[in-house]
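Each remark here refers to the structure printed beneath this line.
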Protein chains: 2
Amino acid sequence: MKIYDREGAPNPARIRIVLAEKGLEDQVEFVSVDLIAAGQKQDSFLAMNPIGKIPVLELDDGLLISESTAITEYLDNLDGHPTLTGRNPREKAVIHMMQRRAEMLLLEPVDDYFHYGTPGLGKALRPWRMPDWSGAKEWGTRRGAQAVRGMPYFNDLLAKQPFLAGEAFSMADITLFAALAFAEVSGLPIAKELTALAAWRSRVSDLPAVKNRSGQHLLPEDLARLSA
Amino acid sequence: MKIYDREGAPNPARIRIVLAEKGLEDQVEFVSVDLIAAGQKQDSFLAMNPIGKIPVLELDDGLLISESTAITEYLDNLDGHPTLTGRNPREKAVIHMMQRRAEMLLLEPVDDYFHYGTPGLGKALRPWRMPDWSGAKEWGTRRGAQAVRGMPYFNDLLAKQPFLAGEAFSMADITLFAALAFAEVSGLPIAKELTALAAWRSRVSDLPAVKNRSGQHLLPEDLARLSA
């Protein structure tokens, strides 16, 4: 298998945690996409994923799979023993629901804030960021405020249960973990009073599939290149 | 099971097609939420779904499931024979990928266009539509243009294969079908040159789980109430 991604980017971090959790890291060849050069918006990449986003999984027979949830479904079910996407209808439902909440309330608003409300990944990507509209930055700023307003929901839930979907670590936690790391690097850290959310993040950071791997600190090399 | 929804609304239409496809229609009691009175934004509803959107599935033991993909995962896997969400890792991956593309390229932009770029469902919902920002309408209009730009991708794909994920009708088709009906009622019909997309829509309209049911014509009663 090949994965087209960028080490330290938020959605790639989700899939790298899945690979580690499923013991599949040594079966994947990573192909790095230069986000600062807008590599994901070039025709050769769009032929693989018309959405223009990483990561993309390419199977040995050429099948291309994009979207983190779809890649996770594939990798988690490969051995017939899903641990991250649910083993029965109830688990699947709750995991998919909480995963989507983590995207809607946090990952997507943070992504919009980073790319529209801050300089993001720089000028090569600007043609894809509504450059003809003076309201784009205000919209991005509002999305950042939405992200901040979304965090207490997860804090309150994680004060009552160990993981987003209940007792077990799942795809939903991976999405929330990547979203919080992305929020932090974008300038939206966890507020001090959200102690349950911070404790959960610290606990997830120490899981074997997460510790010392991507996802802890996002985009450090690319952001350093931009500010150099 | 109970489903809190509104007949003729786009996401409820997705789940009603799933229920018909799985032969579960007679096992569900529907509870109607008044969208024009912003029923989905009131505290009693937010206690069921903090996102403030329909549909919500309530199981007999009280478990609440929101998000259309999560409800579909539950209903499709209930009998142990999934037909809409994939039977193996490859099918699951392709269906989830195409489903997400239908949301990102069409359903979500149409939803934003309807609620921000047009009068939408009227004044009771305005407090949740960035009323303090003069750029909100321009943003909604841009989302409508994005939706229109998203349609040719599906047209080109459906010129080459019968359904979004390949040979079989799936969750991805249901999302696209609801998105196109929502686009039409919002004033964004399929362009004349997208003949493969129109042919696919007509074919899906005639499927037993879709024919003479919700999803063909969205929101007629609520829109009539608003214009009365």
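The values are calculated or read from the model by the stated rules, or taken from the named source; none is laboratory data. Remember, it's a predicted structure, so these values are computed and weren't measured experimentally. Virtual Cβ from ideal backbone geometry, glycine too; neighbours counted across all protein chains shown. Surface accessibility is based on the protein's heavy atoms, side chains included, excluding ligands, DNA and RNA. Shrake-Rupley method; radii C 1.70, N 1.55, O 1.52, S 1.80 Å.
Here are the numbers:
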{"read-out": "Three-way shape label, region B:1-118, alpha-carbon gyration tensor, a/c 1.5", "value": "oblate"}
{"read-out": "Two-decimal ratio, the protein assembly as shown, of alpha-carbon radius of gyration to 2.2 N^0.38 Å", "value": "0.93"}
{"read-out": "Low-density loop positions, trypsin sites (Lys or Arg not before Pro), region A:170-206 - DSSP coil, at most 14 other Cβ in 10 Å", "value": "A:Lys192"}
{"read-out": "Straight-distance crosslink candidates among aspartates and glutamates, where the alpha carbon sits under 15 Å from B:Lys123 and sequence neighbours closer than 8 are dropped", "value": "B:Asp34, B:Asp132, B:Asp222"}
{"read-out": "At least 10 Å² of accessible area lost relative to the chain alone, listed for region A:123-140 with a 1.4 Å probe", "value": "A:Met130, A:Asp132, A:Trp133, A:Glu138, A:Trp139"}
{"read-out": "Inter-centroid distance (Cα atoms) of region A:158-201 relative to region B:18-42, Å", "value": "31"}
{"read-out": "Within the protein assembly as shown: Cβ-based charge dipole about Cα centre, in debye rounded to nearest 20 (Lys, Arg +1; Asp, Glu -1)", "value": "1160"}
{"read-out": "Region A:2-77 - accessible surface per residue (Å², probe 1.4 Å)", "value": "35"}
{"read-out": "Among A:Ser44, A:Pro10, A:Leu57 the positive-end extreme of the charge dipole of chain A (Cβ point charges)", "value": "A:Pro10"}
{"read-out": "Portion, in percent, of the accessible area of the protein assembly as shown that falls on carbon or sulfur, probe 1.4 Å", "value": "51"}
{"read-out": "Chains B and A, summed buried accessible surface - 1.4 Å probe, Å², nearest 100", "value": "3500"}
{"read-out": "Student exercise, region A:2-77 dipole from Lys, Arg, Asp, Glu Cβ charges, in Debye to nearest 20", "value": "320"}
{"read-out": "Prolate/oblate/rounded label for region B:131-228 (Cα gyration tensor, a/c 1.5)", "value": "oblate"}
